[in-house]
(Lines give C-alpha, C1' and ligand atoms only; values in the text may rest on other atoms or scores of the structure.)
Protein backbone atom coordinates (compact mmCIF):
# COMPACT_ATOMS: atom_id res chain seq x y z
CA UNK A 1 0.00 0.00 0.00
CA UNK A 2 1.29 3.46 -0.83
CA UNK A 3 1.71 6.51 1.34
CA UNK A 4 -1.71 7.86 0.30
CA UNK A 5 -3.24 5.13 2.46
CA UNK A 6 -3.12 7.55 5.41
CA UNK A 7 -3.67 11.25 5.97
CA UNK A 8 -1.75 13.59 8.26
CA UNK A 9 -3.74 15.04 11.13
CA UNK A 10 -2.49 18.09 13.05
CA UNK A 11 -4.01 19.53 16.20
CA UNK A 12 -3.05 21.72 19.16
CA UNK A 13 -2.33 20.54 22.67
CA UNK A 14 -3.89 22.36 25.60
CA UNK A 15 -0.65 24.34 25.99
CA UNK A 16 -0.56 25.28 22.31
CA UNK A 17 1.97 22.79 20.89
CA UNK A 18 1.35 21.56 17.34
CA UNK A 19 0.96 17.79 17.44
CA UNK A 20 0.62 15.16 14.72
CA UNK A 21 -1.02 11.81 14.07
CA UNK A 22 -1.57 9.57 11.08
CA UNK A 23 -5.14 8.57 10.25
CA UNK A 24 -5.73 5.40 8.24
CA UNK A 25 -9.14 4.48 6.83
CA UNK A 26 -12.49 6.02 7.65
CA UNK A 27 -14.31 3.41 9.73
CA UNK A 28 -17.37 3.88 7.52
CA UNK A 29 -18.65 0.37 8.36
CA UNK A 30 -19.09 1.29 12.02
CA UNK A 31 -16.23 -0.84 13.34
CA UNK A 32 -14.61 0.53 16.48
CA UNK A 33 -11.57 2.77 15.77
CA UNK A 34 -8.08 1.80 16.90
CA UNK A 35 -5.64 4.17 18.59
CA UNK A 36 -1.92 3.33 18.38
CA UNK A 37 0.52 4.70 20.96
CA UNK A 38 4.27 4.26 20.33
CA UNK A 39 7.25 3.75 22.61
CA UNK A 40 9.53 6.22 24.38
CA UNK A 41 11.56 7.51 21.43
CA UNK A 42 9.38 6.08 18.68
CA UNK A 43 6.68 7.50 16.45
CA UNK A 44 3.61 6.71 14.35
CA UNK A 45 5.67 5.02 11.63
CA UNK A 46 6.14 1.98 13.90
CA UNK A 47 2.49 1.10 13.29
CA UNK A 48 2.40 1.68 9.53
CA UNK A 49 2.14 -1.93 8.35
CA UNK A 50 -0.23 -2.97 11.12
CA UNK A 51 -2.38 0.12 10.49
CA UNK A 52 -2.58 -0.73 6.79
CA UNK A 53 -3.75 -4.22 7.68
CA UNK A 54 -6.40 -3.11 10.15
CA UNK A 55 -7.67 -0.24 8.00
CA UNK A 56 -7.56 -1.80 4.51
CA UNK A 57 -6.97 -5.55 4.57
CA UNK A 58 -9.03 -6.71 7.54
CA UNK A 59 -12.46 -8.31 7.14
CA UNK A 60 -13.90 -5.34 9.05
CA UNK A 61 -11.67 -2.38 8.15
CA UNK A 62 -11.25 0.15 10.95
CA UNK A 63 -10.16 3.74 11.27
CA UNK A 64 -6.68 3.67 12.81
CA UNK A 65 -5.06 6.70 14.44
CA UNK A 66 -1.32 6.49 15.18
CA UNK A 67 -0.01 9.34 17.32
CA UNK A 68 3.33 11.12 17.47
CA UNK A 69 3.92 12.34 21.02
CA UNK A 70 5.29 15.83 21.54
CA UNK A 71 8.97 15.85 20.63
CA UNK A 72 8.70 12.83 18.32
CA UNK A 73 8.02 12.32 14.64
CA UNK A 74 6.12 15.20 13.07
CA UNK A 75 4.96 16.71 16.37
CA UNK A 76 6.62 19.90 17.59
CA UNK A 77 9.40 19.83 20.17
CA UNK A 78 8.65 21.19 23.63
CA UNK A 79 10.97 23.89 25.02
CA UNK A 80 10.46 22.38 28.48
CA UNK A 81 11.80 18.82 28.46
CA UNK A 82 10.01 18.09 31.74
CA UNK A 83 6.76 18.05 29.76
CA UNK A 84 7.97 14.82 28.17
CA UNK A 85 6.13 12.75 30.75
CA UNK A 86 3.35 10.17 30.63
CA UNK A 87 0.74 12.39 32.25
CA UNK A 88 1.20 15.24 29.77
CA UNK A 89 1.34 12.83 26.85
CA UNK A 90 -1.89 11.15 27.97
CA UNK A 91 -3.52 14.58 28.01
CA UNK A 92 -2.24 15.21 24.48
CA UNK A 93 -3.83 11.97 23.29
CA UNK A 94 -7.15 12.94 24.84
CA UNK A 95 -6.99 16.34 23.12
CA UNK A 96 -6.38 14.66 19.77
CA UNK A 97 -9.25 12.23 20.22
CA UNK A 98 -11.63 15.05 21.17
CA UNK A 99 -10.63 16.93 18.01
CA UNK A 100 -11.21 13.78 15.96
CA UNK A 101 -14.56 13.16 17.63
CA UNK A 102 -13.54 9.71 18.92
CA UNK A 103 -15.39 8.86 22.15
CA UNK A 104 -14.60 5.12 22.34
CA UNK A 105 -11.74 3.11 20.87
CA UNK A 106 -9.50 0.08 21.08
CA UNK A 107 -5.95 0.99 22.13
CA UNK A 108 -2.66 -0.59 21.10
CA UNK A 109 0.17 0.54 23.37
CA UNK A 110 3.77 -0.24 22.57
CA UNK A 111 6.03 -0.06 25.65
CA UNK A 112 5.57 3.56 26.91
CA UNK A 113 2.30 3.62 25.00
CA UNK A 114 1.05 0.84 27.25
CA UNK A 115 1.93 2.87 30.33
CA UNK A 116 -0.06 5.75 28.87
CA UNK A 117 -2.99 3.34 28.46
CA UNK A 118 -2.85 2.74 32.23
CA UNK A 119 -3.06 6.51 32.81
CA UNK A 120 -5.90 6.96 30.32
CA UNK A 121 -7.87 4.31 32.19
CA UNK A 122 -7.71 6.50 35.29
CA UNK A 123 -8.44 9.73 33.40
CA UNK A 124 -11.21 8.55 31.06
CA UNK A 125 -12.15 4.91 31.78
CA UNK A 126 -15.15 4.84 29.41
CA UNK A 127 -12.84 5.65 26.48
CA UNK A 128 -11.12 2.24 26.42
CA UNK A 129 -13.11 -0.63 24.92
CA UNK A 130 -10.25 -3.04 24.12
CA UNK A 131 -6.53 -2.99 24.91
CA UNK A 132 -3.45 -4.50 23.28
CA UNK A 133 -0.32 -4.13 25.40
CA UNK A 134 2.87 -4.73 23.45
CA UNK A 135 5.65 -5.90 25.78
CA UNK A 136 4.64 -3.77 28.72
CA UNK A 137 2.79 -4.26 31.96
CA UNK A 138 2.40 -2.85 35.45
CA UNK A 139 5.99 -3.77 36.36
CA UNK A 140 8.92 -2.48 34.30
CA UNK A 141 12.05 -4.50 35.00
CA UNK A 142 14.89 -2.26 36.20
CA UNK A 143 17.51 -4.29 34.32
CA UNK A 144 15.66 -3.87 31.05
CA UNK A 145 15.14 -0.15 31.60
CA UNK A 146 18.84 0.29 32.45
CA UNK A 147 19.75 -1.50 29.21
CA UNK A 148 17.55 0.88 27.19
CA UNK A 149 19.01 3.93 28.94
CA UNK A 150 22.58 2.78 28.38
CA UNK A 151 21.92 2.20 24.69
CA UNK A 152 20.29 5.60 24.18
CA UNK A 153 23.07 7.40 26.06
CA UNK A 154 25.88 5.96 23.98
CA UNK A 155 24.18 5.21 20.66
CA UNK A 156 26.52 6.32 17.82
CA UNK A 157 25.25 8.43 14.94
CA UNK A 158 25.16 6.27 11.78
CA UNK A 159 26.51 7.84 8.60
CA UNK A 160 24.02 6.07 6.32
CA UNK A 161 20.91 3.96 6.50
CA UNK A 162 23.02 0.88 5.83
CA UNK A 163 25.13 1.81 8.87
CA UNK A 164 21.94 2.28 10.87
CA UNK A 165 20.73 -1.21 9.98
CA UNK A 166 24.11 -2.67 10.94
CA UNK A 167 24.05 -0.76 14.23
CA UNK A 168 20.58 -2.00 15.15
CA UNK A 169 21.46 -5.59 14.25
CA UNK A 170 24.65 -5.46 16.30
CA UNK A 171 22.89 -3.96 19.31
CA UNK A 172 19.58 -5.82 19.26
CA UNK A 173 20.25 -8.84 17.04
CA UNK A 174 20.75 -11.37 19.88
CA UNK A 175 17.25 -10.61 21.18
CA UNK A 176 15.66 -10.65 17.71
CA UNK A 177 16.94 -13.70 15.79
CA UNK A 178 13.54 -14.06 14.09
CA UNK A 179 13.78 -10.79 12.17
CA UNK A 180 14.53 -10.78 8.45
CA UNK A 181 16.62 -8.27 6.50
CA UNK A 182 13.41 -6.56 5.47
CA UNK A 183 12.27 -6.34 9.10
CA UNK A 184 15.51 -4.63 10.15
CA UNK A 185 15.25 -2.16 7.28
CA UNK A 186 11.66 -1.34 8.22
CA UNK A 187 12.64 -0.86 11.86
CA UNK A 188 15.38 1.59 10.92
CA UNK A 189 13.15 3.59 8.57
CA UNK A 190 10.69 4.00 11.43
CA UNK A 191 13.30 5.04 13.98
CA UNK A 192 15.24 7.54 11.84
CA UNK A 193 14.14 10.40 9.62
CA UNK A 194 15.94 11.06 6.36
CA UNK A 195 17.89 14.34 6.21
CA UNK A 196 19.60 14.53 2.81
CA UNK A 197 20.20 10.80 2.82
CA UNK A 198 21.53 10.74 6.39
CA UNK A 199 19.58 8.99 9.17
CA UNK A 200 18.77 11.19 12.16
CA UNK A 201 16.92 9.90 15.25
CA UNK A 202 13.37 11.21 14.95
CA UNK A 203 12.96 12.65 18.44
CA UNK A 204 14.02 15.66 20.48
CA UNK A 205 17.44 14.91 22.05
CA UNK A 206 16.20 16.63 25.22
CA UNK A 207 13.85 13.67 25.67
CA UNK A 208 16.82 11.67 26.96
CA UNK A 209 16.95 13.91 30.04
CA UNK A 210 13.76 12.25 31.24
CA UNK A 211 15.54 8.92 31.63
CA UNK A 212 19.07 10.06 32.51
CA UNK A 213 17.60 12.01 35.43
CA UNK A 214 16.12 8.86 36.98
CA UNK A 215 17.87 7.24 39.92
CA UNK A 216 18.02 3.57 38.99
CA UNK A 217 19.23 2.74 42.48
CA UNK A 218 15.60 3.22 43.50
CA UNK A 219 12.87 0.76 42.45
CA UNK A 220 10.78 1.83 39.47
CA UNK A 221 7.12 2.58 40.26
CA UNK A 222 4.64 -0.24 39.75
CA UNK A 223 1.19 0.24 38.25
CA UNK A 224 -0.86 -2.59 39.72
CA UNK A 225 -3.53 -0.20 41.06
CA UNK A 226 -3.87 1.34 37.60
CA UNK A 227 -3.89 -2.13 36.02
CA UNK A 228 -6.84 -2.99 38.23
CA UNK A 229 -8.74 -0.29 36.38
CA UNK A 230 -8.18 -2.20 33.14
CA UNK A 231 -9.52 -5.53 34.30
CA UNK A 232 -13.02 -4.79 33.02
CA UNK A 233 -11.73 -4.26 29.47
CA UNK A 234 -10.84 -7.09 27.05
CA UNK A 235 -7.05 -7.25 26.86
CA UNK A 236 -4.43 -8.89 24.66
CA UNK A 237 -0.97 -8.88 26.27
CA UNK A 238 1.95 -9.53 23.91
CA UNK A 239 5.43 -10.35 25.21
CA UNK A 240 8.64 -10.86 23.33
CA UNK A 241 10.19 -14.20 24.23
CA UNK A 242 13.53 -12.46 24.93
CA UNK A 243 12.11 -9.34 26.56
CA UNK A 244 14.10 -7.81 29.40
CA UNK A 245 11.44 -5.20 30.20
CA UNK A 246 8.33 -7.37 30.70
CA UNK A 247 9.10 -10.53 32.63
CA UNK A 248 7.29 -13.82 32.24
CA UNK A 249 6.42 -13.60 35.94
CA UNK A 250 4.72 -10.21 35.49
CA UNK A 251 2.78 -11.55 32.50
CA UNK A 252 1.59 -14.49 34.57
CA UNK A 253 0.52 -12.14 37.37
CA UNK A 254 -1.44 -10.09 34.82
CA UNK A 255 -3.24 -13.28 33.80
CA UNK A 256 -4.11 -14.02 37.42
CA UNK A 257 -5.51 -10.53 37.98
CA UNK A 258 -7.40 -9.98 34.72
CA UNK A 259 -10.48 -12.16 34.07
CA UNK A 260 -10.61 -11.50 30.30
CA UNK A 261 -7.00 -11.40 29.18
CA UNK A 262 -5.42 -13.22 26.24
CA UNK A 263 -1.66 -13.55 25.83
CA UNK A 264 0.83 -14.09 23.04
CA UNK A 265 4.55 -14.80 23.46
CA UNK A 266 6.43 -13.90 20.28
CA UNK A 267 9.27 -16.31 19.60
CA UNK A 268 12.62 -14.93 18.49
CA UNK A 269 11.88 -11.33 19.48
CA UNK A 270 12.68 -9.19 22.50
CA UNK A 271 11.63 -5.71 23.51
CA UNK A 272 9.59 -4.78 21.72
CA UNK A 273 8.00 -7.25 19.22
CA UNK A 274 7.24 -5.87 15.77
CA UNK A 275 3.48 -6.19 15.43
CA UNK A 276 3.51 -6.46 11.64
CA UNK A 277 5.54 -9.69 11.68
CA UNK A 278 4.30 -13.26 11.31
CA UNK A 279 0.69 -13.91 12.25
CA UNK A 280 0.45 -10.96 14.65
CA UNK A 281 -1.67 -8.68 12.39
CA UNK A 282 -4.27 -11.41 11.91
CA UNK A 283 -4.28 -12.31 15.59
CA UNK A 284 -4.68 -8.69 16.64
CA UNK A 285 -7.49 -8.27 14.10
CA UNK A 286 -9.25 -11.36 15.47
CA UNK A 287 -8.90 -10.11 19.05
CA UNK A 288 -10.37 -6.72 18.16
CA UNK A 289 -13.30 -8.42 16.43
CA UNK A 290 -13.95 -10.65 19.46
CA UNK A 291 -13.72 -7.71 21.82
CA UNK A 292 -16.45 -5.95 19.87
CA UNK A 293 -18.92 -8.79 20.16
CA UNK A 294 -21.58 -8.71 22.90
CA UNK A 295 -20.55 -10.59 26.02
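Observations on the model:
- Only one of the listed residues (277, 250) is within 17 Å of the chain's Cα centre (by Cα) and in contact (Cβ under 8 Å) with a residue 40 or more places away in the chain. That residue is 277.
- If the condition is being within 17 Å of residue 273 (Cα to Cα) and surrounded by 18 or more Cβ atoms within 10 Å (Cβ to Cβ), then the range 180-195 contributes 184, 186, 187, 188, 190, 191.
- Residues satisfying the stated conditions in the range 274-283, i.e. out of contact with any helix residue (DSSP H, G or I) (no Cβ under 7 Å at 6 or more places or on another chain) and on the phi < 0 side of the Ramachandran plot: 279, 280, 282, 283
- Of all residues in the range 208-220 being surrounded by fewer than 16 Cβ atoms within 10 Å (Cβ to Cβ) and touching a helix residue (DSSP H, G or I) at 6+ places or on another chain (Cβ under 6 Å), the one that is nearest to residue 41 (Cα to Cα): 209
- Within the range 1-30, restricting attention to residues that are under 16 Å from residue 93 (Cα atoms) and out of contact with any strand residue (DSSP E or B) (no Cβ under 8 Å at 6 or more places or on another chain), the residue that is surrounded by the most Cβ atoms within 10 Å (Cβ to Cβ) is 17.
- Hey, residue 133 buried (at least 24 other Cβ atoms within 10 Å of the Cβ) and assigned to a strand (DSSP E or B) or not: yes
- The range 31-54, residues that are part of a helix (DSSP H, G or I) and surrounded by fewer than 24 Cβ atoms within 10 Å (Cβ to Cβ): 45, 48, 49, 52, 53
- Subset of the range 146-163 [touching a helix residue (DSSP H, G or I) at 6+ places or on another chain (Cβ under 8 Å) and either modelled with pLDDT under 95 or loosely packed, with under 15 Cβ neighbours inside 10 Å (or both)]: 148, 149, 151, 152, 153, 155, 156, 158
- Within the range 57-64, one or more residues are crowded, with 24+ Cβ neighbours inside 10 Å and at pLDDT 95 or above.
- Residue within the range 164-179 that is under 30 Å from residue 291 (Cα atoms), part of a helix (DSSP H, G or I) and in contact with a helix residue (DSSP H, G or I) (Cβ under 6 Å, 6 or more places away or on another chain) present: no
- Unique match (being surrounded by fewer than 16 Cβ atoms within 10 Å (Cβ to Cβ) and touching a residue at least 60 places away in the same chain (Cβ under 8 Å)) among 225, 205, 259, 177: 177
- The residues on offer are 109, 113, and the sole one that is buried (at least 18 other Cβ atoms within 10 Å of the Cβ) and not in a helix (DSSP H, G or I) is 109.
The values are calculated or read from the model by the stated rules, or taken from the named source; none is laboratory data. Nothing here was measured: the structure is a model prediction, and the numbers come from that model. Note that each Cβ is placed from the backbone with ideal geometry, even for glycine, and that neighbours are counted across all protein chains shown.
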